[in-house]
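Read the structure below first, then the notes.
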Amino acid sequence: MTSPLHIILTTTAEQTARLQALQVAFAEVCNALAPVVQQTRCWNRVALHHITYHDLRQRFPQVGSQMVCNAIYSVSRTCRLILQHPNSPFNITSHPDRPLPLLQFLPSAPVYFDRHTLSLKEGLLSMYTLDGRMRFQLTLKAEDERRFQHEKLREIVLARTPQGYQLSFWLAAVDVDEDRPAGLETELPEYVVVHASQPEATPAIQQATAALS
């Protein structure tokens, strides 16, 4: 079983702007991936990586290689939720021949980190941004320190809340299904718009389709 440890970051206006820029850029990469998923019916993380990685690196050099990998993970994760969850109205099992919907990630979509883009050691948090590392001094409770020492870290997610930017560390106390994303929701995420067919949509969607077709 996985459970989250939430940490609200205390940020300056400049730090908030940097995190917001990263969040917007991350969503743009996800939106470049979405038409590929729709066209190829592929959302397996490894296969999607092989199909899209090099094109994405050329198109989004400012995002960085590892964040491109994390965006691929985010899209794969979201597609599994929307297209495979038994409670989803877009579950493909019920309609295997129906065209896939097009997913549109909003600028509020969360950012996924990994050990290459975020580290926490002796209370010092270091995280990737578009213009260099950002560092925070964190004071963790003793029980939270023990969780980091004895549990397995599954996911690291940055999201904006009314209280500010929040990091969520999803930790597992026991072995869990490695193929199942941590904290998989039972409802469709609010940060994704599902278009049942190709929309007369945003220029970003049209540009993404043209760039990766």
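Data overview
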| item | result |
| --- | --- |
| Exposure rank, largest accessible area first [Tyr165, Tyr53; 1.4 Å] | Tyr53, Tyr165 |
| Extension gain, Asn87 back to Tyr191 (0.36 nm per residue minus Cα-Cα distance, nm) | 35.7 nm |
| Anisotropy class of region 1-99 from Cα gyration tensor, a/c 1.5 cut | oblate |
| Contour minus Cα-Cα distance for Asp131 and Ala13 (0.36 nm per residue) | 41.0 nm |
| Rounded accessible area of Lys121 (nearest 10 Å², 1.4 Å probe) | 150 Å² |
| Mean separation of Cα contacts under 8 Å (6+ apart) over length of region 1-83, as relative contact order % | 35 percent |
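The values are calculated or read from the model by the stated rules, or taken from the named source; none is laboratory data. Computed from a prediction, not measured in an experiment: that's the story for all the values here. The protein model used for the area step is the full one, side chains on, heavy atoms only, and it has no ligands, DNA or RNA in it. Shrake-Rupley method; radii C 1.70, N 1.55, O 1.52, S 1.80 Å.
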